[in-house]
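The values are calculated or read from the model by the stated rules, or taken from the named source; none is laboratory data. As the structure is a prediction and not an experimental result, all values here were calculated from the model. Don't worry about glycine lacking a Cβ; one is built from the backbone with ideal geometry, like all the others, and counts go over all protein chains shown. Side chains are part of the model used for accessible areas, which takes the heavy atoms of the whole protein and leaves out ligands, DNA and RNA. Shrake-Rupley method; radii C 1.70, N 1.55, O 1.52, S 1.80 Å.
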Amino acid sequence: MMTQTAPRYDFASDNVAGAMPEVMDALIAANAGTASGYGTDHVSRAAGDRIRAALDADAQVRFTASGTAANAFALTLLAQPHEAVLAHEHAHICTDETGAPGFFGQGVGLIGLPGASGKMELAPLEAALAQPDVSYRQPAAALSLTTATEYGTVYSEDHLRALIAPVKAKGYGVHLDGARLANAVAAGFDLKSIARMGVDILVMGGTKAGSTPTEAVVFLNPDHAKRLDARLKHAGQLISKGRFLAAPWLGLLGENGQTGPWAARAAHANAMAQKLAALMPFPIKHPVEANGIFVEMDEPVLERLRGEGWFVYRFLDGTVRFMCSWATTPEMVEDLGAALKRVA
């Protein structure tokens, strides 16, 4: 059996990279002086303004240190404990959040639906929406979507609108998990379309985009503004030194609605994924549209790759996932490409 060495380069996830310099500079600037607590400070107000400008939408903005907490809290506003949320069967809330939506929502359920390459399909969604309300099953009350998806694919605006329309027609809410939204935007997705298409709550990802831990939770539906801070406090998500969760967004986003390094560095990550795809000697299973590549690779080959010091892991559908980040360099990709050829 081969002994795995310390990872030479870690392509397992985009959250293994450190924070980009713009974020660190913003944190240092925010550290000066004193500031009021619990999100009432000047830094949080400025960061919220930049997010509203980037989305071209009037919204309440709050910050959490965890995407799991952000998603789970959002869903408590969209579904009651006896209800459920529709999501892709491989969505992060279904596979990687350890029942957090049910914990935060005191029993809120999840209904997983199929769809190729992480994208939900309309027919199963409509079938789920058509299910009758019965006493022994949690009925659907909301929809959760993800872009870029868990498989590195990016929804078109038309596709999202088609999925959202029947949900809104029933008066249900819509949540968008944007942990890798920056990569979707860098791939051509229009950030300003989110508010227009009827999303109620957006989780705008900072952590995977190259920040220190911070996720912006954007409440686009004014009905959710009532006692919002009290609800966040009750959920343990109203942070006393809130400026340190907000400050990174002043480094991530530019002024006057510009997406700044948040999208620009995501474009670099996407480009590194395209470069790796061109060097990949193994079959690629899903379209490479964001910063991830998913390939077919048997276990002995994977172990040989790990034995050479490269860390990647097997994903939900059995593929091996390679993730590029804002900090991935062309040299890293070229070295990995050479290693892949050696173990193939």
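Using Cα springs under 10 Å in a Gaussian network model of the chain, which residue among Phe294, Phe104, Phe219 shows the largest mean-square fluctuation?
Of Phe294, Phe104, Phe219, the most mobile in the Gaussian network model is Phe104.
May I have the convex hull volume per residue, in Å³, for the Cα set of region 216-344? Could you put the intermediate results ahead of the total?
Details: hull volume 23.0 nm³, N = 129.
Given the Cα convex hull of region 216-344, per-residue volume reads 179 Å³.
On a C-alpha basis, how far is the centre of region 148-220 from the centre of region 278-324 in Å? Whole number, if you could?
26 Å
What dipole magnitude, in Debye to the nearest 20, does region 133-229 give about its Cα centre under +1 on Lys/Arg Cβ and -1 on Asp/Glu Cβ?
Rounded to the nearest 20 debye, it is 120 debye.
Based solely on its DSSP helices, what 222 nm [θ] is calculated for the chain when runs of n ≥ 4 H residues each add -39,500 (n - 2.57) and the sum is averaged over all residues, nearest 500 deg cm²/dmol? Could you put the intermediate results ahead of the total?
Working: 15 runs with 133 residues, N = 344.
Per the formula, -11000 deg cm²/dmol.
Report the charge-dipole magnitude of region 32-191 in Debye, nearest 20, computed about the Cα centre from +1 at each Lys and Arg Cβ and -1 at each Asp and Glu Cβ. Write down the numbers at each step before the final one.
Working: 10 positive and 16 negative charges, 49 e Å.
Computed charge dipole of region 32-191: roughly 240 debye.
In percent, how large is the relative contact order of region 106-176, given Cα pairs closer than 8 Å and 6 or more residues apart? Provide the component values of the computation, followed by the final result.
Numbers: 64 pairs, mean separation 23.7, N = 71.
Result for region 106-176 is 33 percent.
Suppose all protein chains stay in the model; what accessible area per residue would a 1.4 Å probe give for the chain, in Å²?
Working: 14200 Å² over 344 residues.
Value for the chain: 41 Å² per residue.
Tell me which of Leu228, His90, Gln274 sits at the most positive position along the dipole axis of the chain, charges placed on C-beta atoms (Lys, Arg +1; Asp, Glu -1).
Farthest towards the positive pole: Leu228.
Please give the peptides 227-235, 312-320, 247-255 ranked by average Cβ packing (other Cβ atoms within 10 Å per residue), highest first, as a rough proxy for protection. Let's see the in-between values first.
Working: 227-235: 14.1, 312-320: 16.2, 247-255: 24.8.
Ranking the peptides 227-235, 312-320, 247-255 by packing returns 247-255, 312-320, 227-235.
Along the Cα→Cβ direction, 7 angstrom out, place labels at Asn15 and Asp190. What is the inter-label distance in nm?
Each label point is offset 7 Å from its Cα along the Cβ direction, giving 3.1 nm.
For region 156-211, what % of the accessible area comes from carbon and sulfur atoms, probe 1.4 Å?
Numbers: 810 of 1650 Å².
Accessible surface attributable to carbon and sulfur in region 156-211 totals 49 percent.
Relative contact order of the chain, please, whole-number percent, based on alpha carbon pairs below 8 angstrom and at least 6 residues apart. Show your work: numbers first, answer last.
Values: 719 pairs, mean separation 92.5, N = 344.
Relative CO of the chain lands at 27 percent.
Putting +1 on Lys and Arg Cβ atoms and -1 on Asp and Glu Cβ atoms, find which of Gly205, Ala327, Pro166 reaches farthest to the positive end of the dipole of the chain.
The listed residue farthest towards the positive side: Gly205.
Taking a 23 Å limit on the Cα-Cα distance, which of the listed pairs Lys168/Lys208; Lys208/Lys275; Lys275/Lys341; Lys119/Lys208 fall beyond it?
Working: Lys168/Lys208 30 Å; Lys208/Lys275 20 Å; Lys275/Lys341 15 Å; Lys119/Lys208 20 Å.
Listed pairs above 23 Å: Lys168/Lys208.
State the extension gain, in nm to one decimal, for the chain segment bounded by Asn31 and Gln274, taking 0.36 nm per residue of separation less the distance between their alpha-carbons. Show your work: numbers first, answer last.
Details: separation 243, 0.36 × 243 = 87.48 nm, distance 3.78 nm.
83.7 nm is the gain from fully extending Asn31 to Gln274.
Can you tell me what percent of all Cα-Cα pairs in the chain are more than 33 Å apart? Don't jump to the answer; show the numbers that get you there.
Numbers: 16701 of 58996 pairs.
Here the tail beyond 33 Å accounts for 28 percent of pairs.
From the residues Ile111, Pro81, His42, which one has its Cα farthest along the dipole of region 19-148 in the positive direction, the dipole being from +1 and -1 charges on Cβ of Lys/Arg and Asp/Glu about the Cα centre?
Of Ile111, Pro81, His42, it is His42.
Ratio of region 39-154's C-alpha Rg to 2.2 N^0.38 Å, to two decimals? Provide the component values of the computation, followed by the final result.
Working: Rg = 16.0 Å, N = 116, 2.2 N^0.38 = 13.4 Å.
For region 39-154, the normalised Cα radius of gyration comes out at 1.20.
What size of dipole, in debye to the nearest 20, comes out for the chain about its Cα centre when the only charges are +1 on Lys and Arg C-beta atoms and -1 on Asp and Glu C-beta atoms? Provide the component values of the computation, followed by the final result.
Details: 29 positive and 35 negative charges, 110 e Å.
The calculated dipole for the chain is roughly 520 debye.
As an exercise, identify the trypsin sites (Lys or Arg not before Pro) in region 1-97 lying in DSSP coil whose Cβ has no more than 10 other Cβ atoms within 10 Å.
Numbers: sites: Arg8, Arg45, Arg50, Arg52, Arg62; in loops: Arg8.
Sites meeting the loop and neighbour criteria: none at all.
So, by mean Cβ neighbours within 10 angstrom, what's the order for 280-293, 161-174 with the highest one leading? Please report the intermediate quantities before stating the final value.
Working: 280-293: 20.5, 161-174: 16.7.
Ranked from most to least packed, the peptides come out as 280-293, 161-174.
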